[in-house]
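*Asks:* Handing you a structure now.
Coordinate-derived values only; no laboratory data. Source: prediction; values computed, not measured. In this analysis, Cβ positions are derived from the backbone assuming ideal geometry, glycine residues included, and neighbour counts consider all displayed protein chains.
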Amino acid sequence: MIKGILFDFDGTLANTIDLIVATFEHTCVTALGLKPDRQRIIDTIGLPLGDALELLSGIHEQQRILELRQIYGAFNAANHDTMIKPIPGVAELLVQLKQRDLKLAVVTSKKAYMLERGMQCLGMLPYIDETVSVLDTERGKPAPDPMLLACQRLGLTPGECLCVGDSPFDMQSGNAAGCVTVAVEYTQLDWQSLLEQGKPDYTISQPLDLLQLLDKLAALATPNDNN
């Protein structure tokens, strides 16, 4: 029986894609004089920031990565509140999930204060029971550690939780932890790559479809009285 939902934040609960792309573009242009391809940036979403910056810049020296992180952080903080947007259906979904007494967590590669700021901007704070941010575990997504910690904080086993996300890193993390994984089709990442690399157990086309999936899983978990 599913008792909890582990949500990714960026691209799953909130439309932050344009903000993230603009921040990476600003960082790379400012520090390196180059502008990465938009899709290349999008394909790094879900990774810890340092890993994404290494992939996009080709730089592996930690002092230089720290400088990039500082540029990234300053631009993101300055533009966050005006560029973050709601995803249609998410607000209603959260209300209905809490009405079902499900425990909800957000598992993200963002820092805790930026996650809280994003949830506050979109009115999500009353519905989220626990969060796991990038500094809470030594290993981030796609390792299972963040999902396992979220389960622990909710007081649930991985098998009692759905892991819902928009990137292969979300799915890989959830699968490795032993959760039931759900990919959202409204992702801006490459869908075929998400399916092939993430191998989700289920997919949904829009947020409210998660309710139908929960009903389906509940019915599968209920013994048939005729047997």
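*Asks:* Find, among the trypsin sites (Lys or Arg not before Pro) in the stretch 131-227, those assigned to loop by DSSP (not H, G, I, E, B) with at most 14 other beta-carbon atoms within 10 angstrom.
*Replies:* Numbers: sites: Arg139, Arg153, Lys216; in loops: Arg139.
Those satisfying the criteria are Arg139.
*Asks:* Which residues make up the longest stretch of the chain that has no GluC sites (Glu not before Pro) in a DSSP loop with at most 10 other Cβ atoms within 10 Å?
*Replies:* Numbers: sites that count: Glu61, Glu138.
The answer is 139-227.
*Asks:* Using amide H atoms built in the peptide plane, which far-off residues or other-chain residues are under 5 Å from Met124 H to H?
*Replies:* Those lying under 5 Å, H to H, from Met124: there are none.
*Asks:* I'd like the Karplus ³J(HN,Hα) series for the stretch 64-73: coefficients 6.51, -1.76, 1.60, θ = phi - 60°, whole numbers in Hz, and an x wherever there's a Gly or Pro.
*Replies:* Taking θ as phi minus 60°, the curve returns 5, 5, 4, 5, 5, 4, 5, 5, 4, x Hz for the stretch 64-73.
*Asks:* Counting alpha carbon pairs within less than 8 Å and at least 6 residues apart, what relative contact order, in whole percent, applies to the chain? Display every interim value, and only then the final one.
*Replies:* On the way: 382 pairs, mean separation 56.2, N = 227.
Relative contact order comes out at 25 percent.
*Asks:* Quote the charge dipole size of the stretch 1-104 about the Cα centre in Debye, to the nearest 20; the model charges only the Cβ of Lys and Arg (+1) and of Asp and Glu (-1).
*Replies:* Details: 10 positive and 13 negative charges, 62 e Å.
Roughly 300 debye, rounded to the nearest 20.
*Asks:* Hey, another quick one. One-quarter of the Cα convex hull surface for the stretch 17-83, in nm²?
*Replies:* Numbers: hull surface 15.9 nm².
Computed as one quarter of the Cα hull surface, the answer is 4.0 nm².
*Asks:* Taking amide H atoms as placed 1.01 Å from N in the peptide plane, list the residues 5 or more away in sequence, or in a different chain, whose amide H sits under 5 Å from that of Lys110.
*Replies:* Those qualifying (amide H under 5 Å, at least 5 residues apart or on another chain) are Val134.
*Asks:* Pull up all non-local amide H partners of Lys103: gap of 5 or more, or a different chain, and H-to-H distance under 5 Å with H placed in the peptide plane.
*Replies:* Residues meeting the criterion, in which the H sits 1.01 Å from N, are Gly4, Ile5.
*Asks:* Of the listed values [x] 68, 32, 29; [y] 47, 45, 31; [z] 48, 39, 31, grab the one calculated as Cα extents along the principal axes in Å from the structure here.
*Replies:* Of the labelled values, this structure produces [x].
*Asks:* Output wanted: per-residue J couplings in Hz (rounded whole) for the stretch 84-92, from phi through Karplus 6.51 cos²θ - 1.76 cosθ + 1.60, θ = phi - 60°, x for Gly and Pro.
*Replies:* Per residue, the Karplus-derived 3J(HN,Hα) values read 6, 10, x, 9, x, x, 5, 4, 5 Hz.
*Asks:* In addition: Using the Karplus curve 6.51 cos²θ - 1.76 cosθ + 1.60 with θ = phi - 60°, what ³J(HN,Hα) values do you get for each residue of the stretch 203-213, in whole Hz, with x for Gly and Pro?
*Replies:* After applying 6.51 cos²θ - 1.76 cosθ + 1.60, I find 10, 10, 8, 8, x, 5, 5, 4, 5, 5, 5 Hz.
*Asks:* Quick one: dipole size for the stretch 98-159, taken about the Cα centre, charges +1 on Lys/Arg Cβ and -1 on Asp/Glu Cβ, in debye to the nearest 20.
*Replies:* 160 debye
*Asks:* Of Leu195, Leu220, Met147, which is farthest along the charge dipole of the chain in the positive direction, counting Lys and Arg as +1 and Asp and Glu as -1 at C-beta?
*Replies:* Farthest towards the positive pole: Met147.
*Asks:* Of all the C-alpha pairs in the stretch 40-165, what % are more than 16 Å from each other? Spell out each step's value before the answer.
*Replies:* Working: 5355 of 7875 pairs.
Here the long-distance tail beyond 16 Å is 68 percent of all Cα pairs in the stretch 40-165.
*Asks:* So which lysines can Lys98 reach, going by Cα to Cα under 28 Å and dropping same-chain residues fewer than 8 places off?
*Replies:* Straight-line reach from Lys98, under 28 Å: Lys3, Lys85, Lys110, Lys111, Lys141, Lys199, Lys216.
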